[in-house]
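Read-outs throughout are calculated quantities, based only on the coordinates presented, and are distinct from any laboratory measurement. Since the model is a prediction, treat every value here as computed from it, not as a measurement. When we count neighbours, we look across all protein chains shown, and the Cβ atoms used for this are built from the backbone with ideal geometry, even at glycine.
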Amino acid sequence: AQQLVVDDDWWMQEKFDGKRILMQKNDDQVVGINRKGLVVALPQPIAQQAQTIGGRQWLMDGEAIGDAYFAFDLLEQDGVDLRKEPYSRRLTGLCRMLEPSDKGPIHLVGTACSATTKREMLAQFRRENREGAVFKRHAAPHTPGRPASGGDQFKLKFTATASCIVAKVNGTKRSVALVLLDGGKRVAVGNVTIGPNQPIPEAGSIVEIRYLYAYPGGSLFQPVCLGPRDDISPDACTVSQLKYKVGSEDAEGGDAQ
């Protein structure tokens, strides 16, 4: 990431934890298209604002989070296929369509181009516990799917660690339930899979967990068991360790996978 920060060939944007959705407008009709190519319904606030965006026909790429849509690419405009154009041109077209403001549910994703602005944006993302950043080669054409390592896009996820108490072993599965202390009570923070190269920890033992973020009152997201911790006491396994997802008061939790 530090190499890409100082490389002018690479631009940087925030990485969002939403549903990847293409949004397409044809005259008065606006639809969403998911990763499988299926047409899906868009939340009404997004669809309503999309109707006001100029142009008879366009296709943009972005992520939907609740009633908000974060646009970061423009693939078609007025019947012209832009996929083979460099990302810089596609982004310029998208910027002309969308105002860089927070008004309305459709947001233009901010882009850092210089080393200075990339450093400042990364520092801001870390301060605000954002999910991470995406680096994009500005001269690259659009590549569908998930590019392999060494491609034109790289993702940087910010992870954290926490020491958790094993509440129980989940039956015959290679996973355990985790809890943390909040005052005098235990708070469940989901489950974690134990790798085949690790022994399954006993109930009451302490394990170190790497995760992306936590939901208040819910589970750790993308937890990975790093191994046992025999150098700390259960009293240190508190919820104060956790890094929470931005805006997670409106997010749904669920069992960690």
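Couple of notes before you dig in:
- Other residues within the sphere of radius under 12 Å centred on the Cβ of GLY54, judged by their own Cβ, net out at +1 (K and R +1, D and E -1).
- For the residue pairs LYS84/LYS245; LYS19/LYS103; LYS136/LYS243; LYS15/LYS168; LYS19/LYS243, the alpha carbons lie more than 31 Å apart in LYS84/LYS245; LYS15/LYS168.
- Scattering curve values for the stretch 104-173, log₁₀ I(q)/I(0), Debye with Cα scatterers, q = 0.13, 0.20, 0.22 Å⁻¹: -0.61, -1.01, -1.13
- Peptides 171-179, 131-139 ranked from most to least packed give 131-139, 171-179, packing being the mean of other C-beta atoms within 10 angstrom over each peptide's residues.
- For the stretch 5-155, the direction-averaged projected area of the alpha-carbon convex hull comes to 8.8 nm².
- A compact globular protein would have a Cα radius of gyration near 2.2 N^0.38 Å; the ratio found for the chain is 1.18.
- Dipole moment magnitude, nearest 20 debye, the stretch 1-146 about Cα centre, only Lys, Arg, Asp, Glu C-beta charged: 360 debye
- Per-residue [θ]222 nm for the chain (sum of -39500 (n - 2.57) over DSSP H runs n ≥ 4, rounded to 500): -4000 deg cm²/dmol
- Between helix 87-97 and the chain: long-axis angle, C-alpha atoms, 0 to 90°, nearest 10: 80 degrees
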